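To start, the structure under review is shown below, and the notes come after it.
Since every read-out is calculated from the coordinates, none of them should be taken as a lab result. All figures in this text were calculated on a predicted structure; none of them were measured in a lab. Cβ atoms come from the backbone with ideal geometry, glycine included; neighbour counts cover every protein chain shown.
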Amino acid sequence: MRAVRLAQIGNPLKDQDILIPEIGASDVLIRVAAAGICHSDAHYRGGISKIENLPVTLGHEVAGRVEEVGSNVTHLSAGDRVGVHYLVYCGSCEFCVRGLEQFCFSGQMIGKHRDGGYAEFIKVPGANAFPLPHEIPFETGAIMMCSSATALHALNKARFKAGESIAIFGFGGLGFSALQLARAFDCGNVYVVEINPAKLASAANMGAIAIDARAADPVEQIKGATAGRGVDVALELIGSAKTMRQAVLCLGSLGRAALVGLTAESMSIFPYAELINKEAEIIGVSDHLATELPALLEFARSGKLQFSPETLRVVDLDAAQINPALDALQDSIDHVRTVIVPSSDL
Ligand SMILES: [Zn+2]
Ligand SMILES: [Zn+2]
């Protein structure tokens, strides 16, 4: 089969012909219909996140049709449409048994520790394949399983409830999903903090209150808009110590700041005035959980989570098209996501 693989860190991905993987009793073989090209794939290629076993087929945002089912897999049959949960886990360690598989001691990321979806076929454990309702296009199903799933996990970690107000720092892929999901939770006011005029306009179009961080301190703006009260939940999706601190400072009493963006900087907090006095909380968010995916898929099936066709760009399973898409991701400022749709010439 055709696959586009990372053979050497820092070099472009390569087209390779490899064997179609053989499945075990608990696995399914999926014919890939769509694979999202993600920021983390650019980081793997560039060596910013370490990959040890090379070559490897990248691609952790995958949707397709079941081609073959292992004898122990009972919830799927050949021909079913599925989306893939990107973390392969043991199912029996102390974290897995509690449904917290992102901390599995032997967890493997698809498209990093094992071959991913930049290929015609992918093998995954049956437990990682979730039925994809026919209302959800494969392209959307693929990209949802990463950024939208993480946005939902952030809201869940922040214990976000109906009627609560929320500030979203950063309106990229995560923020785009977080706003729609907050709406699906029946939220109160949503404040989107950005510096990019196009993103501010897009957030306002989607019903959020756009907070232009270039105009004035976003914390002051949010305090002003909430009669000094602050918000119930803040999501930091940018990965900067400055916006993380702002996310904490814009909280009201009992507010929760969920930090999703990655940074190596440190952040300072004055414990009494900024945290203790308000009983505010700072919550770390990493990845998402298999148990959250059915709710996410239902939000997408019912149209509460949508990606309009103009936000998706399609390329073929071809290194000459995928490498430039990875290059472009480094300095992307829009919501357009590139998805690999393998041409079907088999
Ligand atoms: Zn991703
Ligand atoms: Zn485990």
Worksheet, complete the sentence: The FRET efficiency for Phe103 and Gln321, from their Cβ-Cβ distance with R0 = 25 Å and rounded to 0.05, is 0.10
Worksheet item: Can you list the residues, at least 5 places off or on another chain, whose amide H is less than 5 Å from the amide H of Ala210, using H built in the peptide plane?
Response: Val192
Worksheet item: Working out 0.36 nm times the residue gap between Glu274 and Lys304, then minus their Cα-Cα distance, what length gain in nm do you get to one decimal?
Response: 7.3 nm
Discussion item. Over the chain, what is the relative contact order in percent, taking alpha-carbon pairs closer than 8 angstrom and at least six residues apart?
Written reply: 19 percent
Worksheet entry | Over region 167-210, volume per residue of the alpha carbon convex hull, in Å³ | 53 Å³
Worksheet item: Add -39500 (n - 2.57) for each DSSP H run of 4 or more in the chain, then divide by its residues: what number comes out at 222 nm, to the nearest 500 deg cm²/dmol?
Response: -6500 deg cm²/dmol
Discussion item. Under 10 Å, Cα contacts only: if you run a Gaussian network model on the chain, which one of Ala119, Ala325, Ala154 comes out with the highest mean-square fluctuation?
Written reply: Ala325
Fill in: 5 angstrom amide H check on Ile282, placed H, neighbours 5+ away
Ala257
Worksheet entry | Spacing of the two label points (7 Å from each Cα toward its C-beta) at Ala215 and Gln8, in nm | 5.1 nm
Worksheet item: With no solvent and one point per C-alpha, what does the Debye sum give as log10 I(q)/I(0) for the chain at q = 0.09, 0.10, 0.11, 0.13 Å⁻¹?
Response: -0.49, -0.61, -0.73, -1.00
Worksheet item: Taking region 217-313, how much of its Cα-Cα pair set, in percent, is spaced more than 16 angstrom apart?
Response: 65 percent
Response to the item:
Distance in nm between Thr74 and Gln16 label points, each 7 Å along Cα→Cβ, equals 3.7 nm
Response to the item:
Which of Ala215, Ala204, Ala151 fluctuates most in a GNM of the chain (C-alpha springs under 10 Å)? That residue is Ala215
Worksheet item: Can you work out the FRET efficiency for the pair Ser286 and Ile195, with r the C-beta to C-beta distance and R0 = 22 Å, to the nearest 0.05?
Response: 0.30
Item to complete: Within 10 Å, count the other beta carbons around each residue, average over each peptide in 77-86, 234-243, and list them highest first.
Response: 234-243, 77-86
Discussion item. How high is the relative contact order of region 29-151? Use alpha-carbon pairs under 8 Å, at least six apart in sequence, and give a whole percent.
Written reply: 36 percent
Worksheet item: Across region 53-64, in residue order, what do the Karplus-derived ³J(HN,Hα) couplings come to in whole Hz, using 6.51 cos²θ - 1.76 cosθ + 1.60 with θ = phi - 60° and x for Gly and Pro?
Response: 9, 10, x, 9, 7, 6, x, 10, 10, 10, 9, x
